[in-house]
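Notes to accompany the following structure.
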Amino acid sequence: MLVDTGLGVASLRTAAADLFGSHLMAVATHTHADHGGGMHEFSERLVHAKEADMARSAHYHIPLDLDTWAPERRATIERSGYHIQSALLTAVPAPGYRIANYRLRGFEPTRVLEEGHVVDLGNRAFEVLHLPGHSPGSIGLYERCSQMLFSGDAIYDGPLLDTLPDSDVVAYRATMERLLALPVSIVHAGHDPSFGRERLQALARAYLDAKPVT
Ligand SMILES: [Zn+2]
């Protein structure tokens with residue numbers, strides 16, 4: 001199972017070929033460009049039902065050159081706690097690569113996921129948790145026997161984004177309540193280093209405290 005695929009500026013399939021066996025399921029925790037950009041390269045493509053259309057239409061394309069962003073868009077990200085530079089990349093795949101030519105590629109899902117579905121790898125099985133808020137179809141992949149969670153952007157140890165065009169603070173609060181109660185041993189998140197249950201609960205509580213019900 002491959003969880004998220006980056007922007008797709010370079011071929012992940014080629015770059016990490018040594019990691020991929022003959023049978024690989026690529027799962028997008030959601031379809032933002034930095035997670036779903038390489039999905040088209042893989043033959044099995046799984047995504048939540050709420051973002052299947054976004055996957056097909058490459059709905060979340062973003063220009064990588066931030067100078068082309070509207071000031072309000074930049075301000076929204078900066079208010080969330082990010083200090084953005086001039087581009088979303090710190091390196092390019094080849095000399096002469098022009099970030100202005102980047103286009104997010106859409107993908108046709110081969111399996112549409114819902115809450116409670118299981119991604120069964122044979123020797124391991126991950127349960128789909130629908131964790132909306134950051135985006136409508138954000139999911140976590142949870143292995144109950146090891147209590148390992150791949151959380152996508154539902155939670156990570158950095159500034160969380162809940163003011164994006166399809167974000168929903170009320171849904172995000174419910175996701176945080178759910179994560180607070182979830183027994184986890186380790187969370188592998190969409191960004192930043194992995195963490196354990198204590199940190200998960202601290203991050204979820206901090207969100208709930210910062211975004212009280214209005
Ligand atoms: Zn995201």
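Taken together, the values in this text are just the output of simple stated rules run on the coordinates, not laboratory data. Source: prediction; values computed, not measured. FYI the Cβ positions are ideal-geometry reconstructions off the backbone, even for glycines, and counts take in every protein chain you see.
Over the range 109-158, the ratio between the Cα radius of gyration and 2.2 N^0.38 Å evaluates to 1.15.
Compared with the direct C-alpha span, the chain from residue 181 to residue 66 gains 37.6 nm at full extension, assuming 0.36 nm per residue.
In whole Å, what is the distance between the alpha-carbon centres of the range 95-153 and the range 170-196? Here the answer is 14 Å between Cα centres. Using just its DSSP H runs of length 4 or more, each adding -39500 (n - 2.57), the chain gives a mean residue ellipticity at 222 nm of -6500 deg cm²/dmol after division by all residues.
Spin-label model, residue 112/residue 192: points 7 Å from Cα along the beta carbon direction are separated by 3.3 nm. Near residue 110: Cβ cut-off under 9 Å, other residues only, Lys/Arg at +1 and Asp/Glu at -1. The net charge is 0.
Please give the net charge around residue 47, taking every other residue with its beta carbon less than 12 angstrom from that of residue 47, where Lys and Arg add +1 and Asp and Glu add -1. Net local charge, residue 47 excluded: -2. The GNM of the chain, with springs linking C-alpha atoms under 10 angstrom apart, assigns the highest mean-square fluctuation among 187, 27, 92 to 92. You can think of it this way: the chain between residue 210 and residue 90 has 40.1 nm of extra reach, that is 0.36 nm per residue less the Cα-Cα gap.
Excluding the site residues themselves, the longest part of the chain lacking any trypsin sites (Lys or Arg not before Pro) in a DSSP loop with at most 12 other Cβ atoms within 10 Å is 1-97.
Along the chain, the longest continuous region that contains none of the chymotrypsin sites (Phe, Trp or Tyr not before Pro) in a DSSP loop with at most 15 other C-beta atoms within 10 Å is 98-214. Here the calculated FRET efficiency for residue 101 and residue 121, from their Cβ-Cβ distance with R0 = 30 Å, stands at 0.25, rounded to the nearest 0.05. Relative to its Kirkwood radius, the Cα radius of gyration of the chain gives an Rg/Rh of 0.95.
Between residue 146 and residue 19, the FRET efficiency estimated from the beta carbon spacing at R0 = 22 angstrom works out to 0.65. Sorted into 10 angstrom bins from 0, the C-alpha pair distances of the range 1-121 split as 13, 39, 33, 14, 1 percent.
Comparing 30, 134, 191 in a Gaussian network model of the chain, where Cα atoms under 10 Å apart are tied by springs, the biggest mean-square fluctuation is seen for 191.
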